[in-house]
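Colleague: Below are the structure tokens for one structure; questions will follow.
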Amino acid sequence: MVLEEIVLDTETTGLDPKSGHKIVEIGAIKLKNKIPTGDKFHYYINPLRSMPIEAYNVHGISESFLSDKPTFDIVADEFLDFVKGSTLVIHNAAFDVKFLNHELITIGKGPLCSSIKVVDTLQLARSLYPGKKVSLDALCERFKLDLSNRKLHGALKDAELLAGVYYFMSISSLQQQCTFEMQADFKEIKKMNQKQTSLSAKVIKPTELELQEHLALVRKMQNALWNEYK
């Protein structure tokens, strides 16, 4: 069975679409059984608004760079076709889904279809590594993924890194599940052994008649080494 998923990331002008912030980059790569297929969706998007310096310092995408790029409505149908029926894998999914739904609703497309499943790798990482740092950078360092080219955030670049992180987290999740199941099996075996050893064995003594019959049988065994009656 082939499992198809899409790792996705966005860059924006800010933190809240309700405050007028917009998506400026979408990067997505398709996976089959956790392995990138080479099939990608990537666009820089003109937000038709200014770029706050705080956002620019995060991703380095300027107003002038975006001035000749398509607006979201131009790429929306291609994006929806790319993700249709897929499971989306996103780090801090609530953020990206919030922006995508806002953009889609604004142009009359409606939110992402309810049939699209979303895996939030941030929540997955928190469950796998409680109390540890689970930012994308921290997870890349955990799995020794190359961050030398990640001076600034980038949707496609971060999607590619997240694909690697997701692969290793999937292995880690399976290992933890197997360990948990083995521990459960050992506990069950231990309980069974304790139950068996706690049962007192009932000793059944032979009757006098049975002892006599046994002696008679032993006496008939002429060549038996243990026969002291021969």
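What follows is calculated from the coordinates using simple rules that are stated; it is not laboratory data. Remember, predicted model here, so these are calculated numbers, not experimental data. Using ideal geometry, Cβ is built from the backbone for each residue, glycine included, and neighbour counts are taken over all protein chains shown.
Colleague: Any idea what diffusion coefficient region 8-121 gets from Stokes-Einstein, in µm²/s, Kirkwood Rh on alpha carbon pairs, 4 °C, 1.567 mPa s?
Modeller: 89 µm²/s
Colleague: Now for a different question. Pop a pseudo-label 7 angstrom from the Cα along the beta-carbon direction at both V2 and K220 and give the gap in nm to one decimal.
Modeller: 7.6 nm
Colleague: Provide the gained length on full extension for the span R126 to F143, in nm with one decimal, where the gain is 0.36 nm per separating residue minus the Cα-Cα distance.
Modeller: Here the segment from R126 to F143 would lengthen by 4.6 nm.
Colleague: Do any of K40/K117; K34/K144; K18/K98; K32/K109 go past 21 Å between their Cα atoms, and which?
Modeller: K32/K109
Colleague: Pick out, from V58, A76, F99, the residue whose Cα sits farthest towards the positive end of the charge dipole of region 41-183, with +1 on the Cβ of Lys and Arg and -1 on the Cβ of Asp and Glu.
Modeller: Result: V58.
Colleague: Residues with beta-carbon under 15 Å from that of M1, excluding M1: net charge, scoring Lys, Arg +1 and Asp, Glu -1?
Modeller: 0
Colleague: I would also like to ask the following. For V119, what residues show an amide H to amide H distance below 5 Å, using hydrogens built from the backbone and excluding near sequence neighbours?
Modeller: The answer is L88, V89, I90.
Colleague: Could you work out how far the C-alpha centroid of region 97-175 sits from that of region 41-76, in angstrom?
Modeller: With region 97-175 and region 41-76 each reduced to a Cα centre, they are spaced 21 Å.
Colleague: Moving on. Between I53 and E78, what is the FRET efficiency for a Förster distance of 35 Å, r being their Cβ-Cβ separation, to the nearest 0.05?
Modeller: 0.70
Colleague: Students often check this: by mean Cβ neighbours within 10 Å, which of 27-38, 88-99 ranks highest, and how do the rest follow?
Modeller: The peptides rank, most packed first, as 88-99, 27-38.
Colleague: Express as a percent, rounded to the nearest 5, the fraction of DSSP beta bridges in region 4-163 (both residues included) that run antiparallel.
Modeller: Of the beta bridges lying entirely in region 4-163, close to 70 percent run antiparallel.
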